[in-house]
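Below is one structure, written out as structure tokens, with a few remarks after it.
Just so it is clear, none of the values below were taken in a lab; they were calculated from the coordinates. Owing to the predicted nature of the structure, the values given are computational and were not obtained by experimental measurement. All Cβ positions, even for glycine, are placed from backbone atoms using ideal geometry, and neighbour counts span all protein chains on display.
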Amino acid sequence: MPELFRRLARHPIYTTEILISTLFISLLTLASPMFVIQVLNRYVTHGFSGTLITLTVGMFVAIALQFGFRMVRTKISSEISSRPDANLSRLVFQVLARAKTMPLSSIPKPRLNEIVNGLQVIKTAYNAANINAILDAPFALLFLIASFLISPTLAYISVAGIGLSLLAGSLAMIFSNRLSKVIQGLFMGQRGMLLSMSNNIETVRAFRAEKFLESGWHKQHEDLSEVLGRDASVKEFSQTMSLTLNLLMSVCLYAVGAVQVVEGSLTVGGLIGVNILAGRAFSSTTKFVQSVYLLLKASNAFEDLKAFFKLPIEQPAGTTLKVYQGNLQFKDLAFGYVGGGGPLFESLNLVLGPGEILVVNGYNGSGKTTLARLCLGLMEPARGEILADGVNLRQLAPQWWRQQVAYLPQEPSFLNGSILQNIMVADPDMDMAELNRIIGLVDLRLFLDRSSQGLESPVLENGRDLPVGIRRRIGLARALVGSGRLTVFDEPTEGLDEQGRQAVYRVLNDLAKAGRTIIVISSDPMIGKAATHLLDLSEKPVPRLDRNC
């Protein structure tokens, strides 16, 4: 609710217009019961056709005006939330695109999906229909005041029925909100297992993992079904109680009103009119409770997003060099993961110049890929510095720096799009002649020629459906787009056939001849022969460095 007030306060003119529109809508809504009262009390009693025609025409005018006010109000209410929702969407995108790698990657994927999906929860809660329903509620007092003017006794019955409905709805809303948090956690666990199975179908079958997964799957299903059942019971109780109270209120109104009609203190038209007014007020308060429930869910989503927005962001600003010459220096470099039991490496000192080749090897988990990510600025060292032409990477603008690096990760992944879009993602305006040269260089032409759509072939599920060798070739082509002076390749020949390995050797040879500074993580002996520096991360904590190999 505070967020709704903030949104309304940001647009005082719009808010005033909405409130005025709501007032007129409520006043025009009074026309319906007044029409019934006047028809029954005047036309039915006296039978004067002019009265009926006048009342009917007036009712048509009221309906038309009410329709117009509702449409205008909805348009204005949409404007209230359009900018805040757009800002939230922009902030979520910025965090996803610019948050520092380690904090963002530490969030489990199902949890990250849940946080991002909170955007839709917020948009639903603060859409025009929900804002209108909340603002309609206070104006329900007009219906009760009109009822009081007709019959105070019946008005009190209406107030009692509406009050009980609000109480029952509020209690149900509190219980349902508590259950929704439990449901959210269970859904996240089930989604995590579903992703694990769907992303590893071959593993599930090849290693007969069905029994391993079965008990956990059924347990999650049973827990979720039990909580969903409780939530359904709470919601059904709320809806049934609302319907029951509405019926009881109507019965009491007619019963007590009938006595007043017989006694002569109330007309038949007044009795029916009060019942219509009470129904309208009851409907407004019921919608109000439902809208507040949506706001509570949105509040939970806001809390998740607030924590998400606190993730450290890479600042786009920073130093940019007029020309990067290709010099790279590790100065007393050290890194270790929290809870890792010790540093992956420390006291690493190395100076690389243009045309020099550093080959890095070591056992699995020794920190080879971590070193590659440090070179890109995707991670930050625990101690020491990485200097590019004498400037600390922390001072450089991240986007500018990554333009200077040709990077091939160990496990290339891609964005959903076409092969062409993924290769040219860093330079969409790349010359097609240069693109074709790169495709030939990385030995990707045969695969594209055999594909029915060629470069327009879709890449789905981040490229997991593509063969390993093709993923690596596409990743290599993507790395070569641009003119970065630093090359960082992580296991470039892993998973490649002989033709693919030869393509990698040609690429590295061309880069070396062009005077690029090259860092290659590889145990391939052919690549090792070309090294001017050899770094062995198997040595702990200070790696062994051999120069001029």
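3J(HN,Hα) couplings calculated from phi for segment 76-93 with the Karplus curve 6.51 cos²θ - 1.76 cosθ + 1.60 (θ = phi - 60°) are, in sequence order, 5, 4, 5, 5, 4, 9, 4, 6, x, 5, 5, 5, 4, 4, 5, 5, 4, 4 Hz; Gly and Pro show x.
A convex hull fitted to the Cα coordinates of segment 125-283 yields 128 cubic angstrom per residue.
Each peptide in 175-183, 155-163 receives the mean, over its residues, of other Cβ atoms within 10 Å, and ordering these scores from highest gives 155-163, 175-183. Directionally averaged projected area (segment 301-410, Cα convex hull): 8.9 nm². Restricting attention to segment 91-309, the count of lysine pairs at 8 or more positions apart or across chains with alpha carbons under 24 Å apart stands at 22.
Shape descriptor for segment 466-535: Rg over Rh equals 0.93 (Cα atoms; Rh from the Kirkwood inverse mean 1/r).
Protection proxy ranking, highest mean first, for peptides 184-194, 310-320: 184-194, 310-320, where packing is the per-residue count of other beta-carbon atoms within 10 Å, averaged.
Based on DSSP H segments of at least four residues, each scored -39500 (n - 2.57), the chain has a per-residue ellipticity at 222 nm of -21500 deg cm²/dmol. Annotation for ARG70 and ALA530: the two label points, set 7 Å from Cα along the Cα-Cβ direction, are 7.2 nm apart. Spacing of the modelled spin labels on VAL261 and ALA433, each 7 Å from Cα toward Cβ, amounts to 9.3 nm. Hey, how much of the P(r) for the chain falls beyond 31 Å, as a percent of Cα pairs? Summing the P(r) of the chain above 31 Å gives 65 percent of all pairs.
Label positions at ASN462 and GLU303, each projected 7 Å from the Cα along the C-beta direction, are separated by 2.9 nm. The simple Förster model, with R0 at 60 Å and r as the Cβ-Cβ distance, assigns LEU243 and PHE207 a FRET efficiency of 0.65.
I'd like the FRET efficiency for LEU171 and GLU79, computed as 1/(1 + (r/R0)^6) with the beta carbon distance as r and R0 of 41 Å, rounded to 0.05.
My answer for the efficiency is 0.75.
Grouping the Cα pair distances of segment 128-171 into 10 Å bins from zero gives a pair-distance distribution of 25, 45, 27, 3 percent in increasing distance order. Couplings 3J(HN,Hα) for segment 337-343, derived from phi with the Karplus relation 6.51 cos²θ - 1.76 cosθ + 1.60 (θ = phi - 60°), are 7, 4, x, x, x, x, x Hz, where x marks Gly and Pro.
Note on segment 206-277: Cα-only Rg and Dmax are 26.3, 86 Å.
Of all DSSP beta bridges located in the chain, what percent are antiparallel, nearest 5? Taking every DSSP beta bridge within the chain, about 50 percent pair in antiparallel fashion.
So the label point goes 7 Å from the Cα of MET188 along Cα→C-beta, right? Which residues of segment 110-125 then have their backbone N under 12 Å from it? Within reach of a label on MET188, which here means backbone N under 12 Å from a point 7 Å along Cα→Cβ, segment 110-125 contributes 110-118. Scaled against the 2.2 N^0.38 Å expected of a compact globular protein of N residues, the Cα radius of gyration of segment 328-547 reads 1.02. At a Förster distance of 56 Å, what's the computed FRET efficiency of TRP217 paired with GLN325, Cβ-Cβ distance as r, to 0.05? Once rounded, the FRET efficiency stands at 0.50. Judged by the mean number of other Cβ atoms found within 10 Å, the most tightly packed of the peptides 495-502, 439-446 leads the ranking 439-446, 495-502.
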